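Here's the structure, in structure tokens; my notes come after.
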Amino acid sequence: MNKIATLLIMLTILLMACGTTNDAAVVEEEAAVAPADSQTTDNPESNNSDEPEEEVVPTAASPDDSANETAPPTANTSFDDLAAGTHDLSITGAISSDGTYTGEEVTVSYEPFNSSNTTGKHELEIYADIAPTELTDETFVIVYVRFPADIAPGTYDIQARDRNAPELVQGFVAFDNIAVADFDESVSGTLEIVEIGEQITAVFNFTAHWGRDEALTVDVSGRVNQVPFNYRSETTLALSGLVAREFTTLASFEDETMTYTRQYFLDDFTNEFRWDSNFRDNDFAYMAELIFYLPADIQPGTYEVAYAPPGNQQVPEGFQVGARLSYQNSSESIDFSADAISGTITITVDERNYANATFSITGTDSETGESLTANGTFQYFENQFGHQ
């Protein structure tokens, strides 16, 4: 009996030991799959951690990014309440405005900005009245948003004005007075372009500090809906014969030694249009000048061109168009001024009411016998023909 009892006791002890080992293995496996803080997802409240979650902040494009682009337009801004060809604008802070303008100039334009970079710049230029302030006696400001000509729809950071960074979008608020500082320091904001080309639809928001006191700031926000592009008036001029040389408006902007001027106006005294261009070196080392004279009531068409003699009336008798052509170059001892001209000019007016022209004329200096041929164009001048 004693032997049997002893065997039963030993068997019981062995079974108890095996059960303990299996239970421990199950506990270790459950611990491996449970969260480290022993919390499960069954109870939402059990997911609250004592450590705050890191906030994810979306970042704008870096200035090193091409044209500052970040993403396609989000279409978060609606233009349904804004008629085509119009805009709205708000300025608050050191100066304020509801975007209205009582002046005679256009209140908003989308046009090229005369910059020295080869791709050119475009800009939104908006005039707005401002409420009276002790800051200045000026009664209006101009809001500028400038950007590269090859910009695409998307969202872009707005930077401070910088002529040496034409690839960036830039914004500022300016007074039409060089004696008054602009709001053009520490500028930050965004420009969202929805469409761009012959017209622009966009929304912008930016903050800018006053140039003389950064404690003074303005917050600017605005929208433009399908505002037409306004082309910069331009001329081209190619000379041959006595001189072989080409001039363009863009070349004059890129060349700091060159000055380009053009005029297109109605002389009330003579009732004639003067349409001319002048390319010259800043030190007058050379100068090329071409002037056309046309009657106020001229219409689109092709016209013979003759030399415009001195006097009160520059359109010669029997012609509709007179011209003068000259070229001087001190380093080459050239002093040419035509006193006889022949050729044609073709005038057109497009659907946007821009007056354009192509011309090919030859001028001769009867004293020296030298001749100079000029071919070129006038483009994007606001049509004013038809006056009586």
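Going by the conditions given, is Thr70 in contact with a strand residue (DSSP E or B) (Cβ under 9 Å, 6 or more places away or on another chain), modelled with pLDDT under 50, in a strand (DSSP E or B) and open to solvent by 40 Å² or more (accessible area, probe 1.4 Å)? Walk me through how you get there before you give the answer.
Numbers: in contact with a strand residue (DSSP E or B) (Cβ under 9 Å, 6 or more places away or on another chain): yes; modelled with pLDDT under 50: yes; in a strand (DSSP E or B): yes; open to solvent by 40 Å² or more (accessible area, probe 1.4 Å): yes.
In short, yes.
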Yes/no for Thr201 being open to solvent by 20 Å² or more (accessible area, probe 1.4 Å) and not charged (D, E, K, R): no
Top-ranked residue in segment 108-129 [being open to solvent by less than 30 Å² (accessible area, probe 1.4 Å) and of a type in the set (S, T, N, Q); ranked as modelled with the lowest pLDDT]: Asn117
Given (1) more than 18 Å from Gly222 (Cα to Cα); (2) open to solvent by 30 Å² or more (accessible area, probe 1.4 Å), number of the condition Val180 does not satisfy: (2)
Top-ranked residue in segment 268-323 [being out of contact with any strand residue (DSSP E or B) (no Cβ under 8 Å at 6 or more places or on another chain) and charged (D, E, K, R); ranked as farthest from Ile341 (Cα to Cα)]: Asp283
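Quick one: is Thr249 open to solvent by 50 Å² or more (accessible area, probe 1.4 Å) and free of Cβ contacts under 8 Å to residues at least 40 places away in the same chain? Show your work before the answer.
Values: open to solvent by 50 Å² or more (accessible area, probe 1.4 Å): no; free of Cβ contacts under 8 Å to residues at least 40 places away in the same chain: yes.
No; evaluated as a whole, the condition is false for this residue.
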Test: Ala83 is among the hydrophobic types (A, V, I, L, M, F, W, C), open to solvent by 20 Å² or more (accessible area, probe 1.4 Å) and at negative phi: yes
Set Glu214, Glu185, Glu195: member being of a type in the set (D, E, K, R) and surrounded by 17 or more Cβ atoms within 10 Å (Cβ to Cβ): Glu185
Listing of strands (runs of 3 or more DSSP E) fully contained in segment 272-347 that carry 1 or more residues being of a type in the set (S, T, N, Q): 272-281, 301-307, 321-329, 334-337
Among the candidates Thr155, Thr217, Thr235, Thr190, residue that is within 18 Å of Asp88 (Cα to Cα) and among the β-branched types (Val, Ile, Thr): Thr190
Enumeration of residues in segment 255-288 that are among the aromatic types (Phe, Trp, Tyr), open to solvent by less than 40 Å² (accessible area, probe 1.4 Å) and either in contact (Cβ under 8 Å) with a residue 40 or more places away in the chain or touching a Pro at 6+ places or on another chain (Cβ under 7 Å) (or both): Tyr264, Phe273, Trp275, Phe279, Tyr286
Count - residues of segment 130-150 that are of a type outside the set (Phe, Trp, Tyr), buried (at least 18 other Cβ atoms within 10 Å of the Cβ) and either within 20 Å of Ala181 (Cα to Cα) or modelled with pLDDT of 95 or more (or both): 5
The lone exception for Ile345 - which of (1) surrounded by 13 or more Cβ atoms within 10 Å (Cβ to Cβ); (2) of a type in the set (Val, Ile, Thr); (3) farther than 16 Å from Gly363 by Cβ it fails: (3)
Residue satisfying all of: in segment 162-173; open to solvent by 20 Å² or more (accessible area, probe 1.4 Å) and over 12 Å from the mean Cα position of the chain (by Cα); modelled with the highest pLDDT among these: Asp162
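The values are calculated or read from the model by the stated rules, or taken from the named source; none is laboratory data. Here the structure is a predicted model, which means the values were calculated and not measured. A quick note on method: Cβ atoms are made from the backbone with ideal geometry, for glycine too, and the neighbour counts reach across all protein chains shown. Ligands, DNA and RNA are excluded from the accessible area calculation, which covers all protein heavy atoms including side chains. Shrake-Rupley method; radii C 1.70, N 1.55, O 1.52, S 1.80 Å.
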